[in-house]
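Read the figures in this text as sums done on the coordinates, not as results from a lab. Computed from a predicted structure; not experimentally measured. Positions of Cβ are generated from backbone atoms using ideal geometry, with glycine treated the same way; all protein chains shown enter the neighbour counts.
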Amino acid sequence: MTAKLFESALGIAAPWSVTAVEFNEAGKVLTVLVDFKPGSRFAISGHEGAHPVHDTVTKTYRHLNFFQHECHLQVRTPRVTLPNGSVRLVEPDFAGRLSGFTLLFEALILMLAQQCRSRPWHASWASRPTA
């Protein structure tokens, strides 16, 4: 049940699945382990079709906090063999464009950056007249 809950909350869908959830209470870190179904084939942008898995590498993505705890997705990420024999790393749907972050974490960073630009900090706030 825990795996299905995290799959729904994170938007993880087939062929991906949550295989385990680990919580380090002392470090206040939640790690969600994600894998793919054996025999899966993956599409690569710019290369037609779905390609077989060559091997895997483990990648870790920083996600939004789970309450006050850091949350990381540890993903067994496939590398696929293309028809020309080259090998390419698959980027999961939930991976962000910046290295090591999920799309939701990147969205939070961008939202915060926009807020900082639109509300500059002023030393004059300390000298505001009071009612």
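Length gain on complete extension for the stretch Leu110 to Leu5, per 0.36 nm per residue less the alpha carbon to alpha carbon distance?
35.1 nm
Pick out, from Val53, Gly39, Asn84, the residue whose Cα sits farthest towards the positive end of the charge dipole of the stretch 2-119, with +1 on the Cβ of Lys and Arg and -1 on the Cβ of Asp and Glu.
Positive-most Cα among the choices belongs to Asn84.
What FRET efficiency comes out for the pair His47/Glu70, r = Cβ-Cβ distance, R0 = 22 Å, nearest 0.05? List each step's numbers first, then the result.
On the way: r = 35 Å, r/R0 = 1.60.
Plugging the Cβ-Cβ distance into 1/(1 + (r/R0)^6) gives 0.05.
Could you give the size of the charge dipole of the stretch 2-119 about its Cα centre, using +1 on the Cβ of each K and R and -1 on the Cβ of each D and E, expressed in debye and rounded to the nearest 20? The partial results should precede the final answer.
Details: 12 positive and 10 negative charges, 49 e Å.
Rounded to the nearest 20 debye, it is 240 debye.
Can you sort Ile12, Ile44 from fewest to most other Cβ atoms within 10 Å of each residue's own Cβ? Walk me through the numbers before you get to the answer.
Working: Ile12 20, Ile44 16.
Result, fewest neighbours first: Ile44, Ile12.
5 Å is the cut-off here: which amide hydrogens, built 1.01 Å from N in the peptide plane, fall below it relative to Thr77, excluding neighbours closer than 5 in sequence?
Answer set, sorted by chain and number: Val57, Thr58, Lys59.
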